[in-house]
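These notes concern the structure reproduced below.
The values are calculated or read from the model by the stated rules, or taken from the named source; none is laboratory data. Remember, predicted model here, so these are calculated numbers, not experimental data. All Cβ positions, even for glycine, are placed from backbone atoms using ideal geometry, and neighbour counts span all protein chains on display.
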Amino acid sequence: MLSRVAFLAALCSTLALAGTARAQDIASTVVGVWKIISIETKEVVSGKAVRPLGDVVGTFMFTRGGRFSGMVFSVNRKAPAAANATEAERVALFNSMVAYNGVYQIDGNKLILTIDNSHIQSWNGTQRPLTVEISGTRLVGKSAPLKASTTGLDVFAEVVWEKLE
């Protein structure tokens, strides 16, 4: 009986240390500059997948001190016809980008982004937790269900990054 208890205690300790090591691996690996590869949403009810910005470009930076900053742009953005954009052109440019910064923390396999400043003011002070997986130079973050800003439907979001440095 004692050997079973000792075995279970050792197993629990090993699993706890493995979880801590995994969190430390994610915490140390996430630091750097990441290129956005894709952003996709999937409707919770139908499973329909959409890339709300189409093909994208942009980067996210994560510091050792726990700060992050990210900007994402649709590759199909149209430049204004003149040096000063019209109101319609400004709206189109705004709707083809995402930009925010703040602090992040790692909790197990969760990357929790707390937004300080965003291109959408109502995001300020909110959290964006992502379940993350790292494979080589790829980082994949998946959200819990959230309301799509374009349709109002419940969706899961998936972001794929590739490490630049």
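Going by what's in this entry, would V103 be described as within 21 Å of L53 (Cβ to Cβ) and not basic (K, R)?
Numbers: within 21 Å of L53 (Cβ to Cβ): no; not basic (K, R): yes.
So V103 fails the test.
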Inset, instruction - Tell me, yes or no, whether the range 60-67 has at least one residue that is under 16 Å from the mean Cα position of the chain (by Cα), surrounded by fewer than 14 Cβ atoms within 10 Å (Cβ to Cβ) and not aromatic (F, W, Y). - result: yes
Inset, instruction - Give just the number: which of (1) surrounded by fewer than 16 Cβ atoms within 10 Å (Cβ to Cβ); (2) over 17 Å from the mean Cα position of the chain (by Cα); (3) under 26 Å from G54 (Cβ atoms) does L93 not satisfy? - result: (1)
Inset, instruction - Starting from residues that are surrounded by 16 or more Cβ atoms within 10 Å (Cβ to Cβ), of a type in the set (A, V, I, L, M) and assigned to a strand (DSSP E or B), keep the ones in the range 48-59 and report whichever is modelled with the highest pLDDT. - result: V56
Inset, instruction - Hey, can you tell me all the residues within the range 71-130 that are free of Cβ contacts under 8 Å to residues at least 24 places away in the same chain, closer than 19 Å to L146 by Cβ and part of a loop (DSSP other than H, G, I, E, B)? - result: N95, N124, G125, T126
Inset, instruction - Looking at (1) among the aliphatic types (A, V, I, L, M); (2) assigned to a loop (DSSP other than H, G, I, E, B); (3) touching a Lys or Arg at 6+ places or on another chain (Cβ under 7 Å), find the lone condition where V45 falls short. - result: (3)
Legend entry - the range 126-165, subset more than 12 Å from the chain's Cα centre (by Cα) and of a type in the set (S, T, N, Q), residue nearest to V44 (Cα to Cα): T151
Inset, instruction - Identify, by number, the condition in (1) farther than 24 Å from A49 by Cβ; (2) out of contact with any Leu (no Cβ under 7 Å at 6 or more places or on another chain); (3) surrounded by fewer than 16 Cβ atoms within 10 Å (Cβ to Cβ) that S118 doesn't meet. - result: (3)
Legend entry - Close pairs (7 angstrom Cβ cut-off, 6 or more residues apart or separate chains): surrounded by fewer than 16 Cβ atoms within 10 Å (Cβ to Cβ) in the range 138-164, among the basic types (K, R) and at pLDDT below 90 anywhere: D154/K147
